[in-house]
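Structure first, then comments.
Please treat every number below as a calculation from the coordinates, not as lab data. Given the structure is predicted, the values throughout are model-derived calculations rather than measurements. Backbone-built Cβ (ideal geometry, glycine too); neighbour counts: all protein chains shown.
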Amino acid sequence: MGGQPHFANYRPTTQAGTYIQYYYIAANEAKVGEKSTLNDANDGSNYSKIHAKYHEIFANLSKRFGYYDVFLIDHKTGNVVYSVSKETDFGSNLFRGAYRKTNLAAVVERVLQNPERGAMQLVDFEPYRPSYAAPAAFIAGPIYNGPHVVGILAIQLPVDEINKVLTGNERWKSDGLGDTGETYLVGSDYKMRSISRFLIEDPIGYKKGLKSSGIPDSTIAQIEKFNTSILLQPVNTEAAKQAISGAEGTSIIKDYRNTEVLSSFAPLEIGGVDWAIISEMDLAEAYAPVRKLQEFLLISTVLLILAITFIARLVATRFVTPMDRMIEGARQIKNGDFDAEVNVESHDEFGELAESFNETVANVRKQFQVVKEKTRENEALLLNVLPALAVERRQSGDRLAASKFQEITVMVASIDGFDALIENLDPQNGAELLDELIDIIDVLASRYDIERLSLLGDDFVAVSGLSRPRMDHTQRLLEFLVEAEDAIVGFGNLHKGQLRLRAGISSGSVQAGIIGRNKFAYNIWGPVMTISLALKAQAPVASILVSSTVFSRLKESYDFIPNEDVLVTDTGEFIKAWKIRLGSELGESNSANLSQVG
């Protein structure tokens, strides 16, 4: 990213943007890189009052998860109305301003194209001018207030956290990668998406290697300036080309340093980016035990040849055959066959030599498996956003893994009173309280084989009968709900608050699949989901409404009372709804159900 920046090109396009940049950047006495320490500009504006109230929450969130920056963006105007780090993108306009062609603007555009609740978008690394042209990648999603989009939340991904995963927190030796092994990411432009081990351990030697490889001085200067190989180190190797094209495997190649390595590679499909993951070790290190063995065998062979010339022809075969086997075994290892073994069934020196050979080969085979296992582990870390239901189909090539489920029960729920419970708590205690409550709900869900698909604040969606079809999926969800209601009420009492569960429940057929190229999310849709959302949205406080399908199945087991008809806004139709009595309203008729839970 060259050129000399001019203020006229980068000044905010709005009066409000100019105002907040002045008070929170220009007039901010904190050093560059520490502008986020200012909570209140003390200008008396409503903006500063709101900023002072919420900035610490976002700053703590950014610090806790290692985010480089967190943004709030007006989805209608493209204005960046909030930023934790307060770089020059704060107050800018992503539709018309200087940063309209950045990957931050690109991820906002993707959110606008797919503003589904819970859908997240991801864009690849690019040099980002507000962060001093350092590589930056972004993830973003819509912010909802009820059924309406009110803005966009964007996060500048933490490059250091990605590097920690790929470098094993710089503990290569303890991870089995020896002195020269490393695991890294490569993009479709055949440039690194994570930092090189050699830049971390030996920056001087790494830069000398770049010069000898013909890398331009301008690129080397950028690597030295930003202290990173991301978007700068070219990887035009055979392993990178095959992995980007969709192949996976292990072979001996020359790496980006023009050094022979043992390379294991695979494509890494993550929505919005086209990356490959590669694990490599210098061939000299990987084959060092084999070469030592070859030297030993060569010396032994010479000595043995001198000895067997004095032995009768009848016993010559006894000596020559084991040596031929070991030489052939060494040749197989040299050619990459790590399953080679020498079978010498004798209890003399040849038997010991064969045993030593086989042990050495086993060590090489184990080291080779460590390299492959490290590749699989890193791939699993970056693909764990998918549920178990879709992983197998996704890996077999079915990108969407779309399915229709004939009979499941869906619950859309929220926890009333939680906001009031944490209103006076700091963000850390509030987060711990929500985490503890969701853990309780998840334990109950696991007990009843209920799957919680999504969580947004104190709202969540749960289904029964999705991954594992069950005849009693509706009964299981109601039993889970009854115990969850008791647990939530008890949790509220324990923490001196009043918590109740509000939910909408319906059952029938739904469709589901992996949605989004840029950020994977497993979603369900169809009339059943629409009805559950409508029931929950129009349920009275601390009430649980069920559809006619749920009522007809469980009316003999639970105490229901008719509710006002509910409007399904997507269709404009009114549907029948019933309210289930929970807690003290259940009476003795349901005490037996509750006593059997657990």
Once normalised by the length of the chain, the mean sequence separation of its alpha carbon contacts under 8 Å that are 6 or more apart gives a contact order in percent of 9 percent
For the stretch 44-111, the dipole about the Cα centre with charges only on Cβ (Lys and Arg +1, Asp and Glu -1), to the nearest 20 debye, works out at 80 debye
Residues whose built amide H sits under 5 Å from the amide H of A521, excluding neighbours closer than 5 in sequence, are I515
Matching label for the computed percent of Cα pairs over 41 Å apart, out of [x] 37; [y] 33; [z] 44, is [z]
In whole Å, largest first, the alpha carbons of the stretch 58-197 cover along the principal axes 53, 31, 27
With the charge dipole of the stretch 7-157 built from beta-carbon charges (+1 for Lys and Arg, -1 for Asp and Glu) about the Cα centre, the Cα from T37, L157, V80 projecting farthest to the positive end belongs to V80
In order over the stretch 426-437: 3J(HN,Hα) from phi, Karplus 6.51/-1.76/1.60, θ = phi - 60°, whole Hz, x for each Gly or Pro, gives 6, x, 4, 5, x, 5, 5, 5, 5, 4, 5, 5
With x for Gly and Pro, the residue-by-residue ³J(HN,Hα) of the stretch 516-530, computed from phi through the Karplus equation 6.51 cos²θ - 1.76 cosθ + 1.60 at θ = phi - 60° and given in whole Hz, is x, 7, 8, 8, 5, 8, 8, 10, 10, 8, x, x, 4, 5, 4
Row for the stretch 161-282, column shape: gyration tensor on C-alpha, a ≥ b ≥ c, rounded if a/c < 1.5 i.e. under 1.5, prolate if a/b over b/c, else oblate; value rounded
Quick calc, the chain, dipole around Cα centre from Cβ unit charges on Lys, Arg (+) and Asp, Glu (-), nearest 20 debye, gives 1540 debye
Once S403 and S356 are pulled to full extension, the length gained, defined as 0.36 nm per residue separation minus their Cα-Cα distance, is 11.5 nm
Diffing the stretch 12-19: the Karplus 3J(HN,Hα) column from phi (6.51, -1.76, 1.60, θ = phi - 60°), in whole Hz with x for Gly and Pro, holds x, 8, 10, 5, 5, x, 4, 4
From the Cα centre of the stretch 148-187 to that of the stretch 504-546, the distance in Å is 34 Å
Of all GluC sites (Glu not before Pro) in the stretch 20-118, the ones in DSSP coil with at most 16 other Cβ atoms within 10 Å are E29, E34, E116
Zone reached by a paramagnetic label modelled 7 Å from T569 Cα along Cα→Cβ, restricted to the stretch 516-546 with backbone N below 14 Å, covers 530-539
From DSSP H assignment alone, runs of 4+ in the chain each adding -39500 (n - 2.57), the sum over residues rounded to the nearest 500 puts [θ] at 222 nm at -13000 deg cm²/dmol
Computed about the Cα centre, the charge dipole of the stretch 7-157 from +1 Lys/Arg and -1 Asp/Glu charges at the Cβ has a magnitude in debye, to the nearest 20, of 140 debye
As straight-line cross-link partners of K191, the qualifying lysines (C-alpha separation under 23 Å, not fewer than 8 residues apart within one chain) are K101, K164, K207, K208, K211, K225, K241, K254, K372, K374, K519
Taking placed amide H atoms and a strict 5 Å upper bound, the residues 5 or more places from D274 or on another chain that come that close are S188
Non-local residues with an amide H under 5 Å from the amide H of A134, with H modelled 1.01 Å from N and Pro and chain starts lacking one, are Y128
Here the gain from full extension of D202 to T77, 0.36 nm per residue of separation minus their alpha-carbon distance, amounts to 40.3 nm
